[in-house]
Every structure is written in C-alpha cells, then in structure tokens.
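Only one structure is covered here, and it is reproduced in the block below.
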Amino acid sequence: MFGSSLFYRMVLIIGGLVLVQLSFPLPLVAQDSVASLTPRSNTAAASSSHGLDLAITLRASTLGLGGELSKLVGGHIAIRIGANVLNYNRAQTVSGVDYAAQLNFKNFTGLVDLFPSSQGSFHFTGGIVGSTNAVNATGVPSSGGTINLDGTQYTSAQLGVLTGKLSFPSTGGYAGIGWGSPARRGGRVRLVLDLGAVIGSPTLDLHASQESSNPQLAASVAAQRDKTQSDISRYAKAWPVVSTGLSVHF
C-alpha cells in the first residue's frame with residue numbers, strides 16, 4: 001500500500017538524518033552530567049554569582065539545526081527560546097516505483113527548565129513548540145510497475161502521480177528531560193543534551209492526479225488515506241526529540 005509504504009519510508013529517511021546530525025561525542029556529555037552531581041566548592045558557587053547566568057547554544061536535533069538563548073531565573077528555573085530549521089530531500093526507486101520525499105521543518109520553541117538541584121545540570125523541561133513542519137512525497141510507477149491502493153493495483157497510466165503530504169500541528173506541547181544549564185560556573189563552553197517529545201499527530205493528505213476522471217481510483221485513494229491516517233494517529237502521537245549542542249555561557 002503506497003500510503004503506508006510512503007509513511008514508513010519517510011520515517012526511515014528521517015531516522016537516517018537524525019543519526020547524521022547526532023555526531024557530537026556523547027561521552028563528554030556524560031562527563032558533564034556526572035560533574036554536575038559532585039559537590040561544588042564555594043569558589044565555583046561564587047563564580048556563578050559574578051556571571052549573567054545566560055547562555056547561547058547551537059543545537060543539532062530531530063527538529064533541525066538552530067540556536068537557543070537561555071537564562072537562569074533563580075537557582076532552580078531557567079527559560080529558553082529557540083528556533084530550528086531542517087530541509088532534506090531524498091529520491092529512490094523501489095519495486096518499480098519512483099519515490100521522492102522532501103522534509104521541510106521550521107520550529108520555534110519556548111521552554112522552561114526545572115532543576116531539582118540549585119544551579120545543577122539535570123533538569124525537567126516543559127513548554128510549547130510552534131512549527132510549520134511538513135513532509136511532501138510523490139510516487140510514480142515506472143515502466144511495468146504498479147502502486148497498490150486499498151488492495152487494487154494501478155499503473156502509471158491509470159494513476160498519474162500519487163502525492164502525499166504530512167502536515168504537523170502548528171502548536172504542540174513539549175515534555176522531556178536534559179542535562180545542561182545557563183548557570184555561569186565551570187568552563188565557558190559546555191555540551192548539552194535533551195531528550196523529549198512534541199505532542200501531536202500529523203495529518204495525511206493523499207491524492208492521485210487521475211482520480212478526478214476515475215471514480216474507482218478516487219475511492220481507492222480515499223480508503224487508503226483513511227487507513228494510513230488511522231495508523232498514524234495510533235502509532236505517531238508524538239514527535240521524538242533528541243537534541244545536543246554546544247553552549248557558550250556568560
């Protein structure tokens with residue numbers, strides 16, 4: 001089924017991009033988090049009081065590449081605002097069908113971190129993510145190839161071009177955990193790591209260029225769209241977020 005096949009191919013494409021993006025040495029992150037659990041000397045605490053407890057961070061994540069500004073408010077709370085952009089294209093021929101997908105992400109984040117330990121590193125995070133995220137894809141049977149829609153095979157002459165679009169909610173809640181703080185202590189440049197999810201399922205739009213002249217094709221496209229949307233709503237209720245980066249403190 002093209003709808004389901006296309007959806008899962010897009011997931012695999014995105015997963016591969018995530019592996020490329022997450023190229024920062026995570027052992028250093030672990031070292032930073034371990035260091036945050038050790039008792040701090042009075043000198044370290046004093047150095048924080050002389051800073052602005054402000055940080056600018058460059059991030060690579062499943063939301064895209066971007067930047068972030070964060071500020072510690074008291075010892076246990078920090079606020080963050082940021083933006084991320086991701087554009088990715090992929091084309092592939094599988095089983096006689098030419099597929100192409102374009103991922104276009106633009107995200108704006110407003111987050112609040114809660115630190116169990118005053119001026120610590122580990123934190124819980126909640127907030128809002130605004131976005132114009134979409135994944136566009138097409139499928140065209142090549143010579144001798146067919147696309148299965150709701151159990152019926154269609155050739156290129158019968159189908160034309162099948163176009164799918166996944167549109168994500170314009171606003172979603174975010175929840176997660178992480179390591180890193182804007183507190184001005186220790187080194188000026190440090191690694192940060194966040195794990196979480198943006199709540200909300202995407203909506204699928206699916207059309208064939210020849211469906212207006214073929215009622216059977218139009219019915220197959222509509223049925224396939226409904227089935228695939230049901231799978232998306234059941235299994236993709238949130239967008240996973242893995243984010244790491246370099247933070248400069250002031």
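The values are calculated or read from the model by the stated rules, or taken from the named source; none is laboratory data. Computed from a predicted structure; not experimentally measured. No Cβ is skipped: glycine too gets one built from the backbone with ideal geometry, and neighbour counts run over all protein chains shown. Just the protein is used for accessible areas: all its heavy atoms, side chains included, with ligands, DNA and RNA removed. Shrake-Rupley method; radii C 1.70, N 1.55, O 1.52, S 1.80 Å.
Annotations for the structure displayed:
- None of Leu206, Leu195 is under 30 Å from Leu52 (Cβ atoms) and either at pLDDT 95 or above or open to solvent by less than 40 Å² (accessible area, probe 1.4 Å) (or both) except Leu195.
- Apart from one condition, Ala137 fits all of (1) under 16 Å from Pro202 (Cα atoms); (2) out of contact with any strand residue (DSSP E or B) (no Cβ under 8 Å at 6 or more places or on another chain); the exception is (2).
- Listed conditions (1) at negative phi; (2) open to solvent by less than 40 Å² (accessible area, probe 1.4 Å) are all met by Gly180, apart from (1).
- Positions within the stretch 89-116 being open to solvent by 60 Å² or more (accessible area, probe 1.4 Å) and touching a residue at least 60 places away in the same chain (Cβ under 8 Å), in sequence order: Arg90, Gln92
- Of the residues making up the stretch 209-250, those that are farther than 20 Å from Val129 by Cβ, open to solvent by less than 40 Å² (accessible area, probe 1.4 Å), in contact (Cβ under 8 Å) with a residue 40 or more places away in the chain and of a type in the set (Gly, Ala, Ser) number 2.
- Filtered residues of the stretch 127-143 (kept if assigned to a strand (DSSP E or B) and open to solvent by 30 Å² or more (accessible area, probe 1.4 Å)): Ile128, Asn136, Thr138, Val140
- Residue that is in contact with a strand residue (DSSP E or B) (Cβ under 8 Å, 6 or more places away or on another chain) and open to solvent by less than 80 Å² (accessible area, probe 1.4 Å), where the choices are Leu72, Leu58: Leu72
- Pairs, first within 18 Å of Val198 (Cβ to Cβ) in the stretch 53-65, second part of a loop (DSSP other than H, G, I, E, B) and open to solvent by 20 Å² or more (accessible area, probe 1.4 Å), C-beta under 7 Å, six or more apart: Ala60/Leu22
- Strands (runs of 3 or more DSSP E) within the stretch 17-117 that include 3 or more residues at pLDDT below 95: 77-94, 97-114
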